[in-house]
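Before any comments, here is the structure.
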Amino acid sequence: MKRDLQPADDIELLVDTFYGKVHNNDFWGGIFNEAPQEEWPVHLNKMYNFWHTVLLDDPLYFENPFLPHVDLPNGKHYFDHWLTLFHSILDQLFEGEKTKETKRQVNRMTEMFHHTIMAFPKNNKTTWR
Ligand code: HEM
């Protein structure tokens, strides 16, 4: 029997499980491996702060999350794949009302991400940081 998501306690588990799957993944190819591996803890920390901000409505992430995505592959099927993976991680770990609510929230957020990123001009080459 799985338990429900408790964002205050589960953000690290959720983020670590998600990014564990995107690394060395056939679909994503090198996208998530391009950053030097020693930078990865910095990235993970950002993601903890980002998801803390989103799921607990308590701001810890103050950067622009869109710019680093502008020059990555960002066709709709990439976002669909990203979302399917995120849902599957939630299902693998949790079940319950909060889990369902989080899926709806992530659906909305992914759609908003996609629309916002598509509206940026291309070639805003950003660095890993
Ligand atoms: C096509 C789907 C996606 C791909 C391939 C992708 C890939 C990546 C990569 C490679 C980075 C590191 C970029 C860098 O710093 O150079 C990143 C950062 C990030 N991603 Fe995504 N991502 C996707 C969708 C999303 C979605 C839907 C969200 C939010 C719901 C999200 C949230 C973030 C955030 C917050 C960062 C950190 C940005 C920063 O450096 O401040 N990503 N993503």
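Here, each number is a calculation from the coordinates, and none is a lab measurement. The structure presented is a predicted model; accordingly, all values stated were derived computationally and were not measured. Don't worry about glycine lacking a Cβ; one is built from the backbone with ideal geometry, like all the others, and counts go over all protein chains shown.
Highest mean first, the peptides 88-101, 63-76 sorted by other C-beta atoms within 10 Å per residue fall in the order 88-101, 63-76. The string of couplings for the stretch 106-115 from the Karplus curve (6.51, -1.76, 1.60, θ = phi - 60°) is 5, 4, 5, 5, 5, 5, 5, 4, 4, 4 Hz, one whole number per residue in order, with x for Gly and Pro.
Charge tally for Asp10 (other residues, Cβ to Cβ under 12 Å; Lys, Arg +1; Asp, Glu -1): -1.
Here's the list of lysines a cross-link from Lys103 could span, going by alpha-carbon distance under 21 Å and ignoring same-chain residues fewer than 8 apart: Lys2, Lys21, Lys46, Lys76. About its Cα centre, the dipole of the chain is roughly 380 debye, where the only charges are +1 on Lys and Arg Cβ and -1 on Asp and Glu Cβ. Fewest neighbouring Cβ atoms within 10 Å first, the residues His23, His43 line up as His23, His43. FRET efficiency for the pair Glu111 and Asn24, taken as 1/(1 + (r/R0)^6) with r the Cβ-Cβ distance and R0 = 41 Å, rounds to 0.90. With 0.36 nm allotted per residue and the present C-alpha distance subtracted, the Asp16-His87 stretch has 24.1 nm of extension available.
In sequence order, the stretch 30-46 has phi-based couplings of x, 3, 8, 9, 5, 5, x, 4, 6, 7, 4, x, 5, 4, 4, 4, 4 Hz under the Karplus curve 6.51 cos²θ - 1.76 cosθ + 1.60, θ = phi - 60°, and Gly or Pro positions carry x.
Considering every Cα-Cα pair within the chain, what fraction, in whole percent, is farther apart than 25 Å? Percent of Cα pairs beyond 25 Å in the chain: 23. Per-residue 3J(HN,Hα) values for the stretch 60-65, derived from phi via the Karplus relation 6.51 cos²θ - 1.76 cosθ + 1.60 with θ = phi - 60°, read 10, 10, 10, 9, 8, x Hz in sequence order (x marks Gly and Pro).
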